[in-house]
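What follows is a short report on a single structure.
The values are calculated or read from the model by the stated rules, or taken from the named source; none is laboratory data. None of these values were measured; they are calculated from a predicted model. Because the Cβ atoms are built from the backbone with ideal geometry, glycine has one as well, and the counts that use them run over all protein chains shown. Just so you know, the surface numbers come from the protein's heavy atoms only, side chains and all, with ligands and any DNA or RNA stripped out. Shrake-Rupley method; radii C 1.70, N 1.55, O 1.52, S 1.80 Å.
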Amino acid sequence: MSATNALQSAQRLQQARALGGNAGRAQLLALLAPDARYMVLGKEVAGAEAVANELVTGTNAELARRLDWTAPEPVGAQVRLAGQRRAGTRDRGLVLTLHFEGDTIAIVQEQRTTPPALEAQAIVLPEALKRRIDNALAERHPMLVAHVDAQGQPILSFRGSVQVHADDQLAMWIRNAEGGFIAAIRANPRIALMYRDEEAKATYQLQGRARVTEASAERERIFQRAPAAERAHDFAKLGAAVVVDLDRVEGYAGLGPQGQVDGIRMLRDPAATL
């Protein structure tokens, strides 16, 4: 198929999808190869009928009809269609990549673009996220913590004692009070943490400033709230209690057909950041 004809076919596909219904489905069938395939994250269908149905009534069909579509453009041997969200909406965009076989469309690949940034809120950790953090080790999702050493080298480590300390604070018990982590945060308190539940697809990134607390009551509280497996490594309580003042929390509770579920974006001073 010539480049001009391919661009025209792409334009007709988008028009047929926008039309929808039986009329749109019939127009799509005229453009698709009999063994055409449609691919989207987590799903693949085969056969012209199935592809036409997916384009007209599938997961992204309604979203596609809400977007503003640019003219098709060639990308190598393929043609790309881009749908952009309209002003004032929080829709994600769509990108379709069309592969051709002779005079027909053989493969339709579709993906959603990055969602628009959430409006920043003050940091108040949601109760569901608090439960995730406090049970991270027990549920086999230990928190990953990043700090920077004296040479400027980022260091990653899993920390089983990470716990919620307040609405805008975390804490952890560090067994080696003279180790590299404590030395690092005394020089540069900025750290980052990540939580990931692969089964639920829950993903959260947290950033803040870590400090050692010497207050006896606070030390005892942090030690006692650490998981039993962590406490068992330090019966003598020789470790250091660390409090993390959170500056940024971003993430979501899972992924659904429409994208991220229960997304959050929290900053210590939301007004200070665009």
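Couple of notes before you dig in:
Residue-by-condition table, conditions (1) open to solvent by 70 Å² or more (accessible area, probe 1.4 Å); (2) over 19 Å from the mean Cα position of the chain (by Cα); (3) closer than 30 Å to Gly42 by Cα:
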site	(1), (2), (3)
Thr213	no, yes, no
Glu218	no, yes, no
Arg221	yes, yes, no
His233	yes, yes, no
Gly263	no, no, yes
Met266	no, no, yes
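- Restricting the search to strands (runs of 3 or more DSSP E) fully inside the range 38-95 and requiring at least 1 residues that are in contact with a His (Cβ under 8 Å, 6 or more places away or on another chain) gives 78-84.
- In the range 196-211, the residues that are open to solvent by 70 Å² or more (accessible area, probe 1.4 Å) and among the basic types (Lys, Arg): Arg196, Arg209, Arg211
- Output for the range 123-146, where each listed residue is open to solvent by 50 Å² or more (accessible area, probe 1.4 Å) and part of a loop (DSSP other than H, G, I, E, B): Val124, Asn135, Leu137, Ala138, Glu139, Arg140
- Every residue from the range 64-79 that is closer than 24 Å to Gln260 by Cβ, surrounded by 16 or more Cβ atoms within 10 Å (Cβ to Cβ) and not aliphatic (A, V, I, L, M): Trp69
- No other residue among Ala128, Ala146, Ala150, Ala106 is of a type in the set (A, V, I, L, M, F, W, C) and within 17 Å of Ala253 (Cα to Cα) apart from Ala128.
- Some residue of the range 101-122 being modelled with pLDDT of 95 or more, open to solvent by 60 Å² or more (accessible area, probe 1.4 Å) and in a helix (DSSP H, G or I): no
- Failed criterion for Gln27 (all others in (1) without any contact (Cβ under 8 Å) to a residue 60 or more places away in the chain; (2) under 26 Å from the mean Cα position of the chain (by Cα); (3) at negative phi; (4) open to solvent by 60 Å² or more (accessible area, probe 1.4 Å) hold): (2)
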